[in-house]
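Engineer: Okay, handing you the structure first.
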Amino acid sequence: MRFYSIVGTRPNFVKEFLIHMESSRRGFQEIIVHTRQHYDRDMSDVFFEDFALPAPHYLLTVENNDNVSFTAGAMQQLGRLLSEDRPDFVLAYGDVNTTLSAAVAASKLRIPFAHVEAGIRTADRYNPEEINRRVADTLAEVNYCCTETHVRNLKAEGHDASRIVLSGDLMKDALLYTLSRLELPVVRGDYMVLTLHRQENIMVRDRLAAIVEGLLRSDQRIVFPAHPRTRKQLEQFDLMPRLARSKIEIIPPLGYVDFIRLAAGANKVLTDSGGVRREAYLLKKPCIVLIELSWFPEISQVGWKVLTGPDPERIAFLINTFEPTGPYRELFGDGRAHVKILDDLEQRFGSSSNAR
Ligand code: UDP
């Protein structure tokens, strides 16, 4: 079996890593294409090192200046590669612009597209990630879902059941693997971890300032590995000086292992990330989600996550008081999503393989 894995962002590398290990073990040929949607060392190279991933077979050369031109440029370059090489199928992960480009380029060339982390839905159809996942799910020959909720979402939209597979979550696989390999202790320490990078939160000054105000009012020690885009916005909106005089420690983005070590030792997790809220749950940390958009509602339903908009008082209150309201349940599969996905892909596309 010969397939393309198309990756380009930090969460993509986390999701791809065990697919890579397992497909190498099975002797499948995985061609890794890196779109360079994330391109600096902290957001890209360090993950290849942490996961001992081989250098990508292909690196795209699209400048990431804005959502539309990046998506279009990546689509064009992927189209050229795929039409020359014609793999058995194309695999892409999550809901980033890279995923959208891969879905369209492959499908236009009649190469089956497989979507990992399908069926997530939020109320806002104009959320950038929502656009990407709706297109990817619709074009996919097969959709791999992390949870029953996502399976239900796809069925409710009329997607054919034969193209929906409940696989569990590759992020859980990566986390369990890493915790056990490195024997990382999970304890509730005396600091909070913060990540913040959603476009909705950082592009408008008043909203970002209100979130910062809430964090400051909580008066907690907060360690904040800042996404480069967020740091830039904090600087541009002149919010850095207040942060510098506070208990909030801004550090560069961390590699995966360092980030998981930090999160594993935190008291609570504050985030607007789709991945970090799952990791918080898996690490049994109360999680305050700093955006009203609900992804992975299961975590709220079991009482381990609470959402808030940019209301400084509510943010501070939740940081100081929120504790889980229900018992912990296993969510997101059994840590073997990578095995289930590759079993299913082999069954679907293995016999038509053009491995060479
Ligand atoms: N992450 C990391 N270093 C950091 C912050 C996050 O390695 O400084 C990891 C985190 O463990 C998770 C992934 O990045 O696996 C989530 O990516 P991100 O929050 O950028 O994207 P999202 O999940 O919101 O799409």
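The values are calculated or read from the model by the stated rules, or taken from the named source; none is laboratory data. These figures come from a predicted structure and were not determined experimentally. In this analysis, Cβ positions are derived from the backbone assuming ideal geometry, glycine residues included, and neighbour counts consider all displayed protein chains.
Engineer: Can you pull out every residue in the stretch 119-148 that is in contact with a strand residue (DSSP E or B) (Cβ under 7 Å, 6 or more places away or on another chain) and small (Gly, Ala, Ser)?
Structural biologist: 119, 136, 140
Engineer: Further, regarding this structure: Which pairs do you get when a residue that is assigned to a helix (DSSP H, G or I) and surrounded by 14 or more Cβ atoms within 10 Å (Cβ to Cβ), found in the stretch 230-250, comes within reach of a residue that is modelled with pLDDT of 95 or more and not aliphatic (A, V, I, L, M), reach meaning Cβ atoms under 7 angstrom, with the pair 6+ apart or on two chains?
Structural biologist: Listed pairs, sorted by first residue: 230/197.
Engineer: Also: Restricting to the stretch 104-128, count the residues that are at pLDDT 95 or above and not hydrophobic (A, V, I, L, M, F, W, C).
Structural biologist: 8
Engineer: Now for a separate question. Determine if the stretch 120-130 includes at least one residue that is free of Cβ contacts under 8 Å to residues at least 12 places away in the same chain and of a type outside the set (Ser, Thr, Tyr).
Structural biologist: yes
Engineer: Within the stretch 256-281, how many residues turn out to be within 11 Å of the ligand (Cβ to nearest atom) and touching a Phe, Trp or Tyr at 6+ places or on another chain (Cβ under 7 Å)?
Structural biologist: Selection size over the stretch 256-281: 4.
Engineer: Considering only the stretch 242-255, how many residues are modelled with pLDDT under 95 and within 16 Å of the ligand (Cβ to nearest atom)?
Structural biologist: Number of matching residues: 0.
Engineer: Within the stretch 94-139, work out how many residues are over 17 Å from residue 167 (Cβ atoms) and not in a loop (DSSP other than H, G, I, E, B).
Structural biologist: 20
Engineer: Which numbered condition trips up residue 132, out of (1) within 14 Å of the ligand (Cβ to nearest atom); (2) polar (S, T, N, Q); (3) surrounded by fewer than 20 Cβ atoms within 10 Å (Cβ to Cβ)?
Structural biologist: Unmet for residue 132, out of (1) within 14 Å of the ligand (Cβ to nearest atom); (2) polar (S, T, N, Q); (3) surrounded by fewer than 20 Cβ atoms within 10 Å (Cβ to Cβ): (3).
Engineer: A further question on this structure: Exactly one of these conditions fails for residue 221: (1) basic (Lys, Arg); (2) without any contact (Cβ under 8 Å) to a residue 60 or more places away in the chain; (3) over 21 Å from residue 280 (Cα atoms). Give me its number.
Structural biologist: (3)
Engineer: Every residue in the stretch 123-181 that is hydroxyl-bearing (Ser, Thr, Tyr) and either closer than 19 Å to residue 298 by Cα or within 16 Å of the chain's Cα centre (by Cα) (or both), please.
Structural biologist: Hits for the stretch 123-181 are 144, 147, 149, 167.
Engineer: Among the residues of the stretch 106-119 satisfying the criterion of being buried (at least 24 other Cβ atoms within 10 Å of the Cβ) and at negative phi, which is farthest from the ligand (Cβ to nearest atom)?
Structural biologist: Among those that are buried (at least 24 other Cβ atoms within 10 Å of the Cβ) and at negative phi, it is 106.
Engineer: What number of residues in the stretch 218-240 are away from the ligand (no atom under 16 Å from the Cβ) and more than 22 Å from residue 188 (Cβ to Cβ)?
Structural biologist: 6
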